[in-house]
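A.B. asks: I am attaching a structure below and will ask some questions about it afterwards.
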Amino acid sequence: NLVNQACSLALASAPISEPLPSYTPDRAGRQAKVRKKGFLASNYAPLNMIIIGINIITFIYLSIVGSTLDLEFMLKYGVMYVPYVMEYHEFYRFLTCMFLHFGFQHLAGNMVVLYFLGDNVERAVGKIKYLIIYIGSGLLGSFGSFVFAYLFNQNIVSAGASGAIFGM
């Protein structure tokens, strides 16, 4: 009881210089609405979840019609492969390889990192800038992979969202 009384006196005499945690003033000094977190909240990052969904749906589809661990199968669906880009001018592979993954562990590792990192980036920079960063980083990552393979080993096959994620 003595401790409670001392704390009460200390708190009663202490000046409050900052707003309480539940009070968030807007620019005009009015109390702003506290936004809820969650799937349908306004601070939710929808583009990040759409990109994750595209990756997962693509993986499920490819797993149904073939094997994502089969290189010849994956070559048909757009993984990065220098000879196909150089000989057949299949430049679409710079984009398509960003949404293809070799096996479940590859997909899961990339999507877990994208879920946490991408959510924060999208909320920090906004939807349009997030999309530009994601696609731009992915294309630059694909180009870097292409150049490396072109210079050192043209038989390398590459895919995944890692380039886009590293750009985050």
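A.B. asks: Starting from region 104-119, keep only residues that are within 17 Å of Ser158 (Cβ to Cβ), then list their pairs with residues that are in a helix (DSSP H, G or I) and open to solvent by less than 80 Å² (accessible area, probe 1.4 Å) whose Cβ atoms are within a distance under 7 Å, requiring at least 6 positions of separation or different chains.
C.D. replies: As it stands, the answer is Leu107/Asn55; Leu107/Phe59; Asn110/Ser162; Asn110/Ile165, since those pairs meet every condition given.
A.B. asks: Which residues, taken from region 59-70, are part of a helix (DSSP H, G or I) and over 15 Å from Thr96 (Cβ atoms)?
C.D. replies: Ile60, Ser63, Ile64, Val65
A.B. asks: Give the residue that is nearest to Gly138 (Cα to Cα), with candidates limited to residues of region 59-83 that are among the hydroxyl-bearing types (Ser, Thr, Tyr) and exposed (fewer than 14 other Cβ atoms within 10 Å of the Cβ).
C.D. replies: Tyr61
A.B. asks: Could you pull out every one of the helices (runs of 4 or more DSSP H) wholly within region 84-168 that has 3 or more residues that are open to solvent by 40 Å² or more (accessible area, probe 1.4 Å)?
C.D. replies: So the answer is 104-125, 127-152.
A.B. asks: In addition: Identify, from the list Ser145, Ser137, Ser162, the residue that is small (Gly, Ala, Ser) and over 13 Å from the mean Cα position of the chain (by Cα).
C.D. replies: Ser145
The values are calculated or read from the model by the stated rules, or taken from the named source; none is laboratory data. Everything quoted here is computed from the prediction, not taken from an experiment. Heads up, the Cβs are rebuilt from the backbone with ideal geometry, glycines too, and the neighbour counts pull from every protein chain shown. Areas reflect the complete protein model, heavy atoms only, side chains present, ligands, DNA and RNA absent. Shrake-Rupley method; radii C 1.70, N 1.55, O 1.52, S 1.80 Å.
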